[in-house]
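Beneath this line is the structure, given in structure tokens, with notes to follow.
Every number here is computed from the coordinates shown, using simple stated rules; none is lab data. The shown structure was predicted, so the numbers you read here are calculated from the model rather than taken from an experiment. No Cβ is skipped: glycine too gets one built from the backbone with ideal geometry, and neighbour counts run over all protein chains shown.
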2 protein chains.
Amino acid sequence: MLVEKVSLCDLWPRSREKALNSSAEERLRFAETFKTEQFHIAAGTTFMQQGMPGEHLYTVLKGWAFRYKSLDDGRRQILGYALPSDMLGLQGCLMQELHHSVEALTDLTLCGLSRHRLWELYSGFPSLAFDLTWLAARELKTLDDQLLSVGQRSALERTACLLLHLFARAEEEDLIEQGKLQLPLTQQHLADTLGMSLVHTNKTLKRIYEAKAVRWRGRSFELLDRDALRRLAADG
Amino acid sequence: MLVEKVSLCDLWPRSREKALNSSAEERLRFAETFKTEQFHIAAGTTFMQQGMPGEHLYTVLKGWAFRYKSLDDGRRQILGYALPSDMLGLQGCLMQELHHSVEALTDLTLCGLSRHRLWELYSGFPSLAFDLTWLAARELKTLDDQLLSVGQRSALERTACLLLHLFARAEEEDLIEQGKLQLPLTQQHLADTLGMSLVHTNKTLKRIYEAKAVRWRGRSFELLDRDALRRLAADG
DNA sequence: CGGGTTCTTGACTAGTTTCAAGCAAAGTGG
DNA sequence: CCACTTTGCTTGAAACTAGTCAAGAACCCG
């Protein structure tokens with residue numbers, strides 16, 4: 001299986017539009033030096049928990065996960081989704097404890113680097129450290145975008161933006177087959193991502209379906225008319 | 001003046017609870033190698049703009065700034081505030097262009113590193129690169145918190161949380177004098193940070209004043225009763 | 001002492017949540 | 001294989017939070 005042969009860093013540079021430093025040689029050396037562990041996680045498992053110490057820096061090799069924060073009374077904000085090439089747990093590795101939880105949406109394959117070896121990576125493999133920073137910057141950008149949506153956009157704009165984002169991110173990872181994406185989310189996930197109630201999310205999705213911008217039945221998500229969705233995202 | 005003597009990295013580790021690697025020696029070497037430029041920016045200036053290329057990685061030495069994103073129709077989301085020791089422009093240095101703008105709230109002193117030398121920093125000064133990553137992780141955490149607030153908390157909870165956060169962050173940088181903080185914000189800034197209208201922000205602040213949790217007249221911000229504010233932040 | 005910005009307040013409106021109920025699809029066990 | 005249960009989706013009505021409009025007061029700066 002492909003999965004058994006890739007290591008932590010193999011997937012990192014995939015999404016970089018332009019590698020500032022070729023790290024091919026370094027990646028080889030890295031693979032020899034670090035015996036990175038592989039983890040398999042069942043769908044539905046919360047494998048990183050708010051308040052626990054963060055022991056590993058993970059790269060997603062396969063599957064979907066989501067990061068979230070919970071309040072005492074049960075309200076939950078989904079902070080973002082992790083797809084292949086995304087990194088998980090950086091914040092937990094650098095601070096004493098994790099400030100968010102992570103749950104697997106599908107069965108998940110991860111590659112993990114122990115936090116104790118993170119410094120080795122920085123001191124011995126600068127171009128990988130650079131890649132890692134690039135991933136952190138991508139995460140920052142995504143959060144900025146999401147905050148803009150939740151803070152300023154109407155329910156319709158917000159929902160359309162999120163669907164556009166998820167589809168585009170899935171495209172980057174070649175997850176679209178015959179125009180269709182296996183989207184492992186429920187409307188409740190969307191609602192908790194958008195900061196809206198489930199009911200209102202449902203009604204907003206209905207409007208998007210009626211505009212014939214997307215079709216979403218079961219897990220099969222299809223982007224019928226990207227421009228239409230873009231218009232909904234922009235105008236409200 | 002103090003300002004003339006510090007370099008890019010002098011301020012970075014200040015907020016790190018526990019330095020994983022002492023970088024004192026490296027910092028010295030860095031200061032000799034890099035002639036980091038200093039910038040002085042007048043209050044009110046937007047010195048980084050959404051869509052422009054990001055030429056520098058900055059560290060704030062003195063003053064306040066805020067990052068924001070704008071929509072075409074003028075709506076604005078403030079993404080966060082930068083105080084001394086905060087870093088600005090990482091995302092712009094790594095990607096082709098900036099995805100947010102930054103405006104100075106007060107007169108600002110920055111220390112800038114050209115994007116072209118960022119790789120030098122990674123290859124030659126790993127412990128500084130590590131510090132930089134720590135700062136990025138702190139930024140990620142702050143954004144997570146803010147997204148939780150805007151997505152899930154009520155107006156009152158949200159506002160109280162933000163005031164707590166700003167005060168705590170100012171405390172870290174020793175900006176509190178006799179219990180008072182010079183807070184260079186208007187209610188419009190708060191509103192754009194919280195994703196609320198100006199009017200509603202005003203009415204929410206009134207409730208916080210009435211609970212005798214804070215006093216805020218002009219620029220002088222005083223935290224009268226932290227526990228009371230915490231209760232407002234938790235219960236709504 | 002103006003003139004502009006910021007703050008404050010009330011009345012009205014709109015968007016969103018909550019509540020409640022029914023339906024559809026998928027999974028489970030006898 | 002079919003009742004039974006669970007989970008997720010859909011819809012309408014009522015309640016409420018927050019937004020908009022409008023106008024006046026307070027504050028600050030030149």
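Some notes on this structure:
- Average beta-carbon neighbours from other chains, 10 Å sphere, peptide A:193-203: 1
- Between the amide H of residue B:48 and those of B:102, distances stay under 5 Å, these residues lying 5 or more places away or on another chain, with hydrogens modeled in the peptide plane.
- Under-5 Å amide H pairs with residue B:79, H placed in peptide plane, nonlocal only: B:67, B:68, B:69
- Prolate/oblate/rounded call for the protein assembly as shown, Cα gyration tensor, a/c under 1.5 rounded: oblate
- Computed from Cα atoms, the angle from the helix B:24-33 axis to the main principal axis of chain B rounds to 70 degrees.
- Database remark: amide H of residue B:224 closer than 5 angstrom to the amide H of B:214, B:215 (H placed geometrically; neighbours at sequence offset of 5 or more, or on other chains; Pro and chain starts carry no H).
- Electrostatic tally near residue A:51: other residues with Cβ closer than 13 Å to its Cβ, Lys and Arg +1, Asp and Glu -1, net -1.
- ³J(HN,Hα) computed for each position of segment B:38-51 - Karplus, 6.51 cos²θ - 1.76 cosθ + 1.60, integer Hz, glycine/proline x: 10, 10, 10, 10, 7, 3, x, 7, 8, 9, 9, 10, 2, x
- Per-residue 3J(HN,Hα) values for segment A:213-222, derived from phi via the Karplus relation 6.51 cos²θ - 1.76 cosθ + 1.60 with θ = phi - 60°, read 8, 9, 10, 8, 10, x, 9, 7, 10, 10 Hz in sequence order (x marks Gly and Pro).
- Rounded if a/c under 1.5, otherwise prolate or oblate - segment A:60-132, Cα gyration tensor axes: oblate
- Here the Karplus curve 6.51 cos²θ - 1.76 cosθ + 1.60, taken at θ = phi - 60°, turns the phi angles of segment A:58-66 into couplings of 10, 10, 7, 9, 7, x, 10, 9, 9 Hz, with x standing for Gly and Pro.
- Per-residue average of Cβ from other chains inside 10 Å of B:149-160: 4
- Between 0 and 90°, nearest 10: helix A:126-152 axis offset from chain A longest Cα axis: 20
- Per-residue ellipticity at 222 nm computed for chain A from its helices equals -13000 deg cm²/dmol, with DSSP H segments shorter than 4 residues left out and the rest contributing -39,500 (n - 2.57).
- Per-residue mean of foreign Cβ neighbours for B:125-136 is 5 (Cβ atoms of other chains, 10 Å radius).
- Shape category assigned to chain B from the gyration tensor of Cα positions, a/c cut at 1.5: prolate
- Normalised by the number of residues in chain A, the average gap of Cα pairs under 8 Å and 6 or more apart makes the relative contact order 20 percent.
- Each of B:204, A:98, A:82 was scored by the projection of its Cα onto the charge dipole of the protein assembly as shown, and the greatest displacement toward the positive side belongs to B:204; charges sit on the C-beta of Lys, Arg, Asp and Glu.
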